[in-house]
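A.B. asks: Sending over a structure as structure tokens; questions will come in a sec.
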Amino acid sequence: MSPPTPATGLAPVAVALDAPDLDTALGWASAVGPYVSTVKIGLEVYLRDGADAVHRAREACGGRDLFLDLKLHDIPNTVAGAARSVAALAPTYLTVHASGGADMVRAAVDAVGDTRVVGVTVLTSLDEADLAAVGIRGPARDAVRRLSVLAVGAGARALVCSPQEVAEVRREVGDDVVLITPGVRPAGAAGGDQSRVSTPQTALANGADLLVIGRPITAAPDPGAAAREIAASLVGDRAERR
């Protein structure tokens, strides 16, 4: 199955709605909905506001794709139960940690129907020293490649990797797997707590399908204007490359 194609004029961006309260998250969703393909509900918002956050964010953004970023990681039976508990919300994407193993990834895949299970490889906040400290055999690009192959082999139809590894992952898994890249920052933007980063244009050129962008949009004085500006640069750039 081929990756989904964003509607005409929408940027392939998932805006991270990591807000301190639900009203703020919904305001952001409404502001960015005209410009991006996806909004992302993460662990903080989901644990605080529950399924209501998913339903209301989907409505606020105009029915864009919903990325439920829970990064499930437990024994297969527990992950299967957790995945079943959110399957009725029909998110487009649901994340699990690929490091939980093939059986765990497969358990999530079997539990959620049409939702794309996304294998999270190596968090973009980790650098080489961090990987060594937790006992993950590096360098990061090799760890990401191993986990990508494992997750796809277990049925994941999407992967999260940093923009610095996305070209290698694309060569490894082919064109039918959606590659999602956090750690994306417009030129000149602060890196925040991300270690392995690049610009949106570079990530797309290297093979990413969907870019996760949070604070460069949501921390802007006008999130809608920030999303519009990023979207204009990306949609125009993609059209030129075609």
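The values are calculated or read from the model by the stated rules, or taken from the named source; none is laboratory data. Every value quoted in this text rests on a predicted model; they were computed, and no experiment measured them. Positions of Cβ are backbone-derived with ideal geometry, glycine not excepted, and every protein chain shown enters the neighbour counts.
A.B. asks: Please go through the stretch 88-116 and give me each residue that is in contact with a strand residue (DSSP E or B) (Cβ under 6 Å, 6 or more places away or on another chain) and closer than 18 Å to ALA14 by Cα, ordered by number.
C.D. replies: PRO91, THR92, TYR93, LEU94, THR95, VAL96, THR115, ARG116
A.B. asks: So if I check each of LEU66, LEU47, which one is surrounded by fewer than 19 Cβ atoms within 10 Å (Cβ to Cβ), closer than 24 Å to THR124 by Cβ and modelled with pLDDT of 95 or more? Can you show your working first?
C.D. replies: Working: LEU66 fails: surrounded by fewer than 19 Cβ atoms within 10 Å (Cβ to Cβ).
One residue alone meets the criteria, LEU47.
A.B. asks: Sort out which residues of the stretch 133-156 are within 23 Å of THR92 (Cα to Cα), surrounded by fewer than 20 Cβ atoms within 10 Å (Cβ to Cβ) and not hydrophobic (A, V, I, L, M, F, W, C), and write them in order of number.
C.D. replies: GLY153, GLY155
A.B. asks: I've got another one for you. Residue by residue through the stretch 204-223, note down the ones that are outside any loop (DSSP other than H, G, I, E, B) and more than 13 Å from ALA16 (Cα to Cα). It would help to see each step written out before you state the result.
C.D. replies: Start the filter on the stretch 204-223 by keeping residues that are outside any loop (DSSP other than H, G, I, E, B), which leaves 204-205, 210-213, 215-218, 223.
LEU204, ALA205 - these are the residues of the stretch 204-223 that are outside any loop (DSSP other than H, G, I, E, B) and more than 13 Å from ALA16 (Cα to Cα).
A.B. asks: For the stretch 17-43, how many residues meet the condition of being within 18 Å of LEU70 (Cβ to Cβ), surrounded by fewer than 24 Cβ atoms within 10 Å (Cβ to Cβ) and touching a residue at least 40 places away in the same chain (Cβ under 8 Å)?
C.D. replies: 2
A.B. asks: Here is a further query. Tell me yes or no: at least one residue of the stretch 26-42 is assigned to a helix (DSSP H, G or I), of a type in the set (Phe, Trp, Tyr) and under 27 Å from GLN201 (Cα atoms).
C.D. replies: Within the stretch 26-42, the first condition is being assigned to a helix (DSSP H, G or I), and the residues that meet it are 26-32.
Retained after the next criterion (residues that are of a type in the set (Phe, Trp, Tyr)): 28.
Among the residues that remain, those that are also under 27 Å from GLN201 (Cα atoms) are: 28.
For the stretch 26-42, residues assigned to a helix (DSSP H, G or I), of a type in the set (Phe, Trp, Tyr) and under 27 Å from GLN201 (Cα atoms): present.
A.B. asks: Could you list, in sequence order, all residues of the stretch 105-146 that are among the small types (Gly, Ala, Ser) and touching a residue at least 60 places away in the same chain (Cβ under 8 Å)?
C.D. replies: Looking only at the stretch 105-146, we keep the residues that are among the small types (Gly, Ala, Ser), and these are 107-108, 111, 113, 119, 125, 129, 132-133, 135, 138, 140, 143.
SER125, the sole residue that qualifies.
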